[in-house]
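Working notes, beginning with the structure itself.
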Amino acid sequence: MLELITDLWAFLRVRKKIWMAPIILVMLMLGSVIVFSQGSAVAPFIYTLF
């Protein structure tokens with residue numbers, strides 16, 4: 001997993017696409033919130049956001 005992150009960072013740096021890093025980070029955080037909240041009591045409140 002760490003190798004994937006370092007390869008992605010190297011790709012973004014070489015291709016001058018550093019501006020995409022915050023977008024990727026926000027998408028990963030939202031995805032993890034959705035995955036971890038499934039099946040919990042918080043799920044109905046999370047789904048109202050989307």
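The values are calculated or read from the model by the stated rules, or taken from the named source; none is laboratory data. Remember, it's a predicted structure, so these values are computed and weren't measured experimentally. Note that we place each Cβ from the backbone using ideal geometry, even for glycine, and neighbour counts take in every protein chain shown. Surface accessibility is based on the protein's heavy atoms, side chains included, excluding ligands, DNA and RNA. Shrake-Rupley method; radii C 1.70, N 1.55, O 1.52, S 1.80 Å.
Of all residue pairs spaced 6 or more apart or on separate chains, those with beta-carbon atoms under 7 Å, a first member in region 4-30 that is at negative phi and assigned to a helix (DSSP H, G or I) and a second member that is open to solvent by less than 100 Å² (accessible area, probe 1.4 Å) and among the small types (Gly, Ala, Ser) are Leu12/Ala21. Please tell me if Ile34 is at pLDDT 85 or above and in contact with a helix residue (DSSP H, G or I) (Cβ under 8 Å, 6 or more places away or on another chain). No.
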